[in-house]
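K.L.:
Sharing a structure below in structure tokens format, with a few things to ask.
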Amino acid sequence: MKYIRFKPFDRILGRSNRSAPWRADLFRFYDDDSKAKFVGLAGSYTHCILYEGNENAEGTTNMVEEPEQVLPGDMVYSKKDSREYKVIKVKDSYVEATVPGSSIMCRLSFDNIRLSHSSYDDDENDDESVGK
């Protein structure tokens with residue numbers, strides 16, 4: 001599985017729920033304390049994809065394959081030791097995580113993890129997030 005990590009000023013398409021149209025924006029940062037994890041210059045979104053390669057989706061409600069995201073709070077499995085970890089911080093090529101119930105922090109490369117659940121299994125009417 002290939003994971004993506006958006007960087008500031010990446011050109012993105014975002015939307016607040018699966019029935020909303022995709023809007024072009026520039027990525028600013030991840031908001032780990034909100035359901036709308038992706039913050040752009042023009043709004044906050046629960047769904048986010050790279051603009052490049054998806055230009056035809058702008059303004060539509062088309063379903064587009066979204067990249068897998070690893071976010072703080074997600075549970076991941078290590079392929080090396082088959083243990084489950086809770087993600088604390090996400091960097092460009094690795095995550096900092098702990099074993100639940102432990103305070104010991106470790107680094108796990110994206111190549112050696114897989115998500116144990118997705119943060120984006122939301123329903124179609126999830127519209128907690130709205131653009132500005």
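K.L.:
For segment 102-116, give me each residue that is surrounded by 16 or more Cβ atoms within 10 Å (Cβ to Cβ) and farther than 13 Å from D81 by Cβ.
P.N.:
Matches in segment 102-116: F110, L115.
K.L.:
When R11 is evaluated against the numbered criteria (1) under 26 Å from S116 (Cβ atoms); (2) surrounded by fewer than 16 Cβ atoms within 10 Å (Cβ to Cβ), which criterion, by number, is the only one it fails?
P.N.:
In the conditions (1) under 26 Å from S116 (Cβ atoms); (2) surrounded by fewer than 16 Cβ atoms within 10 Å (Cβ to Cβ), R11 misses (1) alone.
K.L.:
Let me ask another. What number of residues in segment 17-40 are in a loop (DSSP other than H, G, I, E, B), modelled with pLDDT of 95 or more and under 23 Å from D74 (Cβ atoms)?
P.N.:
0
K.L.:
Another question, if that's okay. Quick one: Y120 ticks every box in (1) part of a strand (DSSP E or B); (2) hydroxyl-bearing (S, T, Y); (3) modelled with pLDDT under 85 bar one, so which box is it?
P.N.:
(1)
K.L.:
I'd like the full set of residues that are more than 15 Å from G73 (Cβ to Cβ) and of a type in the set (S, T, N, Q), limited to segment 94-114.
P.N.:
S102, S103, S109, N112
K.L.:
Determine the pairs where a residue that is in contact (Cβ under 8 Å) with a residue 40 or more places away in the chain, located within segment 40-51, has a partner that is crowded, with 17+ Cβ neighbours inside 10 Å and among the polar types (S, T, N, Q) with Cβ atoms under 7 Å apart, the partner being 6 or more residues away or on another chain.
P.N.:
S44/S129; Y45/S16; Y45/S129; T46/S16; T46/N17; T46/S129
K.L.:
Among (1) surrounded by 21 or more Cβ atoms within 10 Å (Cβ to Cβ); (2) within 29 Å of C106 (Cα to Cα); (3) touching a Cys at 6+ places or on another chain (Cβ under 9 Å); (4) not hydrophobic (A, V, I, L, M, F, W, C), which single condition is T46 missing?
P.N.:
T46 satisfies all of (1) surrounded by 21 or more Cβ atoms within 10 Å (Cβ to Cβ); (2) within 29 Å of C106 (Cα to Cα); (3) touching a Cys at 6+ places or on another chain (Cβ under 9 Å); (4) not hydrophobic (A, V, I, L, M, F, W, C) except (3).
K.L.:
Further question: Can you tell me which residues in segment 1-16 are of a type in the set (A, V, I, L, M) and at pLDDT below 95? Break it down into steps so the answer makes sense when it comes.
P.N.:
Looking only at segment 1-16, we keep the residues that are of a type in the set (A, V, I, L, M), and these are 1, 4, 12-13.
M1, I4 - these are the residues of segment 1-16 that are of a type in the set (A, V, I, L, M) and at pLDDT below 95.
The values are calculated or read from the model by the stated rules, or taken from the named source; none is laboratory data. All figures in this text were calculated on a predicted structure; none of them were measured in a lab. Heads up, the Cβs are rebuilt from the backbone with ideal geometry, glycines too, and the neighbour counts pull from every protein chain shown.
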